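Student: Once you've had a glance at the structure underneath, I'll fire off some questions.
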Amino acid sequence: MVAAMSIGSRLAGWLFEPVPLARVAVLRVLVFAFVIVDVLLLHTSGWYHGHADPVWYEPLVMGEVLHLPPASVLLVEVLKWGCVVAAALALSGRAPRLLGWTVAVCWVWYQYVAFSYGKVDHDRADFVVALALLPTVGLAHLSDRRRSEAAGFALRAVQLAAIATYFLSAWAKIRFGGFEWVNSATMVRAVVRRGTPWAEWLLDVPWTLHSFQWVLMAAELTAPVIFLLSERWRRRAVGAWFVFHAMTYAAITIAFWPHLVMMLAFLPLEEYADRLRARTRSFVQRRVRSGAAPPGASTPASRPGAGVG
């Protein structure tokens, strides 16, 4: 009993480990900014489903539970611009719960519209977790160094969802393709279908793609190890994943944009924000000191009567 209570206490301490509120504030800015970019530029397939014949509508589990109707032009436009307007207002940091959950409802429903007429992209699950939980923290300013258990839990949940994306991806490969997936031609097929000049040459050296599948499977299965690493190595692990995604995009133009935003939850974002502000102030000060006098200003020697005494 004592051992169980001790384990439970440690688990609760890990899940609710306090973090600076500024870290959540920075992540929320990045999340809301991404929502605007995503809806307007990246993942825009939801909008044209408003014109689709309802006969093609196949409700997902969420739609069946909530009895969501097929898309219409009006519904899609409300969801699309509701995302953009609410996210733009949320960037101010005001009314974090009201605006945050408004963004969550509009964005999730907008994605649902897109996925109810075709495939479901698995790189957006952890982003849903962030949209749902980050508003629970309440007010958080970019310079707020107070530590909060609510902020710690929200970030920990995002971290767990992000790593689960990797691990469950490997599990899906094993479940549907078996352990022989690593010896299949999946990467060859991907390069044939979507390959760029950066990757097409690999088709002439097939062992490289074969080896990459083994590396990918190993990396995804061991992704949870990131929670056991020190702060320094955790940052390096995040950097390694970003390099992997950059290579993937360069090779087959596939990027998991919302997932990459969520991986930032592992980093001390408030420290990076402080450094950026300090460098910006330093740059502005140097420009002011080295720049010319403002228009209309004059030196004492150039003013009428200067030097007359």
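Student: Work from the charge dipole of the chain (Cβ charges, +1 for Lys and Arg, -1 for Asp and Glu, about the Cα centre) and give the residue of 20, 46, 72 farthest towards its positive end.
Tutor: About the Cα centre, the residue reaching furthest to the positive side is 20.
Student: If R₀ is 35 angstrom, what is the calculated FRET efficiency for the pair residue 119 and residue 6, using the beta carbon separation as r and rounding to 0.05?
Tutor: Working: r = 45 Å, r/R0 = 1.29.
It comes to 0.20.
Student: Return 123, 38 ranked ascending by Cβ neighbour count within 10 Å, so the fewest neighbours appear first.
Tutor: Details: 123 18, 38 22.
In increasing order of surrounding Cβ atoms, one gets 123, 38.
Student: Order these by the 10 Å Cβ neighbour count, fewest first: 126, 204, 274. If you can, show how the numbers build up before the last one.
Tutor: Working: 126 24, 204 7, 274 16.
Starting with the residue having the fewest Cβ neighbours, the order is 204, 274, 126.
Student: Check residue 148: other-chain or 5+ apart residues with amide H under 5 Å from its amide H, H built from backbone geometry?
Tutor: Residues meeting the amide H criterion: 19, 21.
Student: Given points 7 Å out from each Cα along the Cα-Cβ axis, report the residue 207 to residue 243 separation in nanometres with one decimal.
Tutor: Once both label points are built, they end up 2.2 nm from each other.
Student: Applying 1/(1 + (r/R0)^6) with R0 = 35 Å to the Cβ-Cβ distance of residue 40 and residue 286, what FRET efficiency is obtained, to the nearest 0.05?
Tutor: Values: r = 35 Å, r/R0 = 1.01.
Plugging the Cβ-Cβ distance into 1/(1 + (r/R0)^6) gives 0.50.
Student: Now a separate question. Multiply the residue gap between residue 175 and residue 254 by 0.36 nm, knock off their C-alpha separation, and tell me the result in nm, one decimal place.
Tutor: Details: separation 79, 0.36 × 79 = 28.44 nm, distance 2.28 nm.
Additional length available on full extension: 26.2 nm.
Student: Taking the number of other C-beta atoms within 10 Å as the exposure measure, put 17, 64 in order starting with the fewest. Each step should come with its number before you reach the end.
Tutor: On the way: 17 14, 64 9.
Fewest-to-most Cβ neighbours within 10 Å comes out as 64, 17.
Student: Assigning unit charges at the beta carbon (Lys, Arg +1; Asp, Glu -1) and nothing else, what dipole magnitude in debye, to the nearest 20, does the chain show about its Cα centre?
Tutor: Working: 29 positive and 19 negative charges, 312 e Å.
It works out to roughly 1500 debye.
Student: Within the chain, what's the longest run with no trypsin sites (Lys or Arg not before Pro) in a DSSP loop and at most 10 other beta-carbon atoms within 10 Å? Give the range, please. Don't skip to the answer; put the middle values down first.
Tutor: Details: sites that count: 94, 119.
Longest stretch, sites excluded: 120-309.
Student: Oh, and also: Region 17-272: Rg/Rh from Cα coordinates, Kirkwood Rh? The partial results should precede the final answer.
Tutor: Working: Rg = 19.7 Å, Rh = 19.8 Å.
Taking Rh as the inverse mean 1/r over Cα pairs, Rg/Rh reads 0.99.
Student: So, one more: Please name whichever of 148, 181, 133 sits farthest to the positive end of the charge dipole of region 17-272, dipole taken about the Cα centre and charges placed at Cβ: Lys and Arg +1, Asp and Glu -1.
Tutor: 148
Student: Could you check the spin-label model distance between residue 232 and residue 279? Points 7 Å from the Cα along Cα→Cβ, value in nm.
Tutor: Distance between the two pseudo-spin positions: 2.2 nm.
Readers should treat all values here as calculations from the given coordinates under stated rules, not as data from a laboratory. These figures come from a predicted structure and were not determined experimentally. Every residue, glycine among them, receives a Cβ derived from its backbone with ideal geometry; neighbour counts consider all protein chains shown.
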